[in-house]
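Each value in this text was obtained by applying a stated rule to the coordinates, not by laboratory testing. Fair warning: this is a prediction, and the values are worked out from it, not measured in the lab. Ideal geometry is used to build each Cβ from the backbone, glycine not excepted, and the neighbour counts take in all protein chains shown.
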Amino acid sequence: MNKLSNISAQTWIIIFLVIINLGTLGFMLSNKPLVPFTERPLQNQKDRAHRYMQNKLNFNEEQNTLFREYQQEHFRFMTQTRNEIIIKKHELYEILPNDENAQELIEQKAKELGILYSTQELSTYKHINKIKGVCKPEQLEDMQIMMNRMIFQSDHQQPRRRMNNSQNNNNRRFNN
């Protein structure tokens, strides 16, 4: 009787563990990995941005052409600036604190990094204004809502999946 009870308990434990494993596998396969936006391939970013704008704003052919041109120009500049930032960061962190002019070099490299980050922000601002210039008056309100969402996402580097859950709160924050 005791042996039969142990077999029954073991069977239920095995069934329970199999169900947990299947549930875990299902969860892992159904969810996309949380990859930061900046680590996605550049072409994928361009295509997603274009599809998003096309779906939300219903750009005509002329608007699509202008958007693509502005987008390519902006992505080229941002890629170049990001590469410069990486180089400057390497230069900054290679400075040994024991060097005679270490403090001056550190401050100089930090200022150079600040200028590059500022340049990126200004470029993004100009890019957004160019895109707004492409929009028709009836598209501008939707464009502003999208820009607020994109700006909020890039400032906090939140994955898109989580962003969708809190969009209403973010819209209230920016539209007040």
Net charge (Lys, Arg +1; Asp, Glu -1) of residues whose beta-carbon lies under 15 Å from that of residue 57, residue 57 excluded, is +3
Straight-line reach check, residue 126, cutoff 12 Å on alpha carbons, 8 or more apart in-chain or any other chain, hits among aspartates and glutamates -> 73
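Mind ranking 22-28, 140-146 by how tightly packed they are, going by the mean number of other C-beta atoms within 10 angstrom, highest first? Can you show the working numbers first?
Numbers: 22-28: 9.7, 140-146: 14.6.
In descending order of packing, they fall as 140-146, 22-28.
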Computed from the beta carbon distance with a Förster radius of 22 Å, FRET efficiency for residue 91 and residue 117 to the nearest 0.05 stands at 0.90
Filtered hits (aspartates and glutamates, Cα-Cα < 13 Å from residue 132, offset >= 8 within chain) -> 141, 142
Sequence order, region 48-63: Karplus ³J(HN,Hα) from phi using 6.51 cos²θ - 1.76 cosθ + 1.60, θ = phi - 60°, Hz rounded, Gly and Pro as x, gives 5, 4, 5, 4, 4, 5, 4, 5, 7, 9, 6, 4, 7, 4, 5, 5
For residue 111, counting only aspartates and glutamates whose alpha-carbon sits under 17 Å away and dropping same-chain residues fewer than eight positions off, the answer is 84, 91, 94, 121
Nearest-0.05 FRET efficiency for residue 75 and residue 52 at R0 = 22 Å, using Cβ-Cβ distance, is 0.90
